[in-house]
Amino acid sequence: MRQVPQYLLIGNGRVSRHIQHYFTLLNLPFTVWQRSEPHAALMQKLKDATHILILINDQQIENFITTHLSPTEALLIHFSGSLVSTKAHGAHPLMTFNDALYSFDHYQRIPFIIDHDSPSFENLLPGLPNVHMRLDKSLKAKYHALCVLSGNFSCLLWQKLFTNLEQEFGMPADIAQLYLQQQTQNLITNPKTALTGPLVRGDTLTIKKNLAALEGDPFKEVYESFVKCYATLVEKK
Ligand SMILES: NC(=O)c1ccc[n+]([C@@H]2O[C@H](COP(=O)([O-])OP(=O)(O)OC[C@H]3O[C@@H](n4cnc5c(N)ncnc54)[C@H](OP(=O)(O)O)[C@@H]3O)[C@@H](O)[C@H]2O)c1
């Protein structure tokens with residue numbers, strides 16, 4: 001009979017709280033240790049653990065393993081999309097996690113991108129029904145850079161629109177919600193035709209006007225770099 005996994009989650013940040021919720025919905029047993037607890041409590045929890053998820057800041061993961069996890073033979077797993085380590089296996093949930101929890105269905109649909117040399121997904125994260133893909137560790141830096149560009153940087157652009165609508169134009173930020181929803185839907189439906197606007201139209205006059213309107217705004221440089229980047233993409237086609 002397959003052994004029931006005993007998960008120990010290190011940290012109580014955003015991802016940890018989501019995983020705690022997901023494991024509860026899956027009826028998977030787990031314990032949590034965070035650094036505000038005594039070290040002795042960690043040593044006690046290590047005794048039963050078969051799988052340890054180290055859900056702390058990327059730069060702290062290897063040091064934490066070296067300092068605290070030498071007494072354990074449990075499988076060590078981190079969720080960082082960029083960290084390449086020989087001390088723990090990488091399993092990156094391709095998702096963004098903030099403070100609000102998600103539905104059970106949503107958690108189950110999150111893909112995990114695991115290191116090419118990790119054990120099988122069933123042994124790495126037993127009890128999880130999620131799909132997974134393997135990624136060669138040498139490609140993780142590029143993979144993560146693309147995730148940051150798409151997810152995090154587009155978030156900054158939408159935050160900029162919402163803030164300026166409110167503060168500069170006296171409009172409610174949610175007036176742009178349908179625009180955001182449709183842009184997202186178009187990307188999902190057909191990424192190749194999702195881009196509209198002056199760049200695709202080659203409308204240089206509008207681009208010039210846009211740049212002039214952004215004079216003194218730090219996002220002017222962002223706009224300029226997109227124009228340059230897009231010109232390179234078109235040249236390469
Ligand atoms: N958030 C996302 O969208 C997302 C998505 C995919 C993967 N990840 C990965 O998930 C991991 C956790 O990210 P997160 O967003 O949950 O971070 P977070 O919300 O900032 O939480 C980080 C946690 O790590 C703890 N911590 C930091 N240094 C520590 C140390 N030296 N010893 C013990 N605990 C320490 C913090 O404890 P204190 O509360 O005591 O400061 C906090 O509970 C990272 O590897 C990240 O790359 C995040």
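A short reminder: the numbers here are calculations on the coordinates, not readings from a lab. As the structure is a prediction and not an experimental result, all values here were calculated from the model. Glycine gets a Cβ as well: all are built from the backbone with ideal geometry, and neighbour counts include every protein chain shown.
Quote the FRET efficiency, to the nearest 0.05, computed for residue 62 versus residue 233 with a Förster distance R0 of 41 Å and r equal to the Cβ-Cβ distance.
With R0 = 41 Å, the Cβ-Cβ based efficiency is 0.65.
What is the order of 45, 228, fewest Cβ neighbours within 10 Å to most?
Listed from fewest to most nearby Cβ atoms, that is 228, 45.
As a check on your grasp of the helix formula, calculate [θ] at 222 nm for the chain: sum -39500 (n - 2.57) over DSSP H runs of n ≥ 4, divide by the residue count, round to the nearest 500.
Taking each H run of at least 4 residues, the total per residue is -13500 deg cm²/dmol.
Before anything else, pin down the relative contact order of region 7-135: Cα pairs under 8 Å, at least 6 apart, normalised by residue count, whole percent.
It rounds to 22 percent for region 7-135.
Provide, for region 186-229, the number of lysine pairs with alpha carbons under 15 Å apart, each pair being eight or more places apart or on different chains.
Close lysine pairs under the 15 Å cut-off: 4.
If we count other beta carbons within 10 Å of each Cβ, what is the order of 62, 224, 235, fewest first? Don't jump to the answer; show the numbers that get you there.
Details: 62 16, 224 13, 235 7.
Arranged by neighbour count, lowest to highest, 62, 224, 235 become 235, 224, 62.
Using bins 10 angstrom wide from zero, how does P(r) for the chain break down, in % of all Cα pairs?
All Cα pairs considered, the percentages come to 6, 24, 28, 19, 15, 6, 1.
Counting pairs of alpha carbon atoms under 8 Å apart in space and at least six apart in sequence, what relative contact order in percent does the chain give?
Details: 248 pairs, mean separation 29.3, N = 237.
After rounding, I find 12 percent.
Roughly what % antiparallel, to the nearest 5, for the DSSP beta bridges in region 7-135?
15
Quick one: which residues, 5 or more positions from residue 32 or on another chain, have an amide H under 5 Å from its amide H? H modelled 1.01 Å from N in the peptide plane, none for Pro or chain starts.
Close amide H contacts, sequence-distant or interchain: 9.
Work out the charge dipole of the chain with +1 on the Cβ of Lys and Arg and -1 on the Cβ of Asp and Glu about the Cα centre, then indicate which of 4, 226, 39 is farthest towards its positive end.
The one lying farthest along the dipole's positive direction is 226.
Could you work out how much longer the chain between residue 133 and residue 26 gets when fully extended? Use 0.36 nm per residue separation minus the Cα distance between them, nm to one decimal.
Extra length available between residue 133 and residue 26 comes to 36.4 nm.
About the Cα centre of region 186-237, what is the dipole size in debye to 20, counting +1 per Lys and Arg Cβ and -1 per Asp and Glu Cβ, all else neutral?
280
Just name one of 175, 18, 135: the one whose Cα is farthest towards the positive end of the charge dipole of the chain (beta-carbon charges, Lys/Arg +1, Asp/Glu -1).
Going by the Cα projections, it comes out as 135.
When the dipole is taken about the Cα centre of the chain, and only Lys, Arg (+1) and Asp, Glu (-1) are charged at their Cβ, what size is it in debye, to the nearest 20?
460
Can you find, among 63, 165, 89, the residue sitting farthest towards the positive end of the charge dipole of the chain, where Lys and Arg contribute +1 and Asp and Glu -1 at Cβ?
Value computed over the given set: 89.
In nm, to one decimal, how far is the modelled label at residue 50 from the one at residue 153, with both set 7 Å along Cα→Cβ?
Output for this residue pair reads 4.3 nm.
With 10 angstrom as the radius, rank 115, 217 by how many other C-beta atoms surround their C-beta, starting from the fewest.
Ranking 115, 217 by Cβ neighbours within 10 Å, fewest first, gives 217, 115.
Calculate, for residue 3 and residue 84, the FRET efficiency according to 1/(1 + (r/R0)^6) with r their C-beta to C-beta distance and R0 25 Å; round to the nearest 0.05.
The formula returns an efficiency of 0.30 here.
What percent does the relative contact order of region 91-225 come to when contacts are Cα pairs within less than 8 Å and at least six residues apart?
The value is 12 percent.
May I ask what percent, to the nearest 5, of DSSP beta bridges between residues of the chain are antiparallel? Mind dumping the intermediate values first?
Values: 3 of 21 bridges.
About 15 percent, rounded to the nearest 5.
Which ³J(HN,Hα) values in Hz, rounded to whole numbers, follow from the phi angles of region 47-52 under the Karplus curve 6.51 cos²θ - 1.76 cosθ + 1.60, where θ = phi - 60° and Gly and Pro get x?
Each residue of region 47-52 in turn: 4, 8, 6, 9, 9, 10 Hz.
Just grab the label-to-label distance for residue 142 and residue 208, each label 7 Å out from Cα along the Cβ direction, in nm (one decimal).
Placing both labels 7 Å beyond Cα along the Cβ direction yields 3.8 nm.
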